[in-house]
Amino acid sequence: LFRRLKGFRRIFSRFDKLDVVFRFFINFSLIADRLISVNRP
């Protein structure tokens, strides 16, 4: 899971200073990762 999240550079380098924005982007990337993994054969 962490290896896949590191693919999102924004999470890896922690550009966001607010915790709320950082948490939102983590949730967004988890949803995007799940959608991509569902569509793979």
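The values are calculated or read from the model by the stated rules, or taken from the named source; none is laboratory data. Keep in mind that this is a model prediction, so the values were computed, not measured. Counting neighbours? That spans all protein chains shown, and the Cβs are built from the backbone with ideal geometry, glycine included. SASA here: full protein model, heavy atoms, side chains in, ligands and nucleic acids out. Shrake-Rupley method; radii C 1.70, N 1.55, O 1.52, S 1.80 Å.
Filtering PHE24, PHE12, PHE2 for residues that are at pLDDT 80 or above and open to solvent by 90 Å² or more (accessible area, probe 1.4 Å) leaves a single hit, PHE24. Within segment 16-35, residues that are free of Cβ contacts under 8 Å to residues at least 60 places away in the same chain and small (Gly, Ala, Ser) sit with their Cβ atoms under 7 Å from residues that are open to solvent by less than 100 Å² (accessible area, probe 1.4 Å) and not in a helix (DSSP H, G or I), at 6+ positions apart or across chains, in these pairs: SER29/PHE8.
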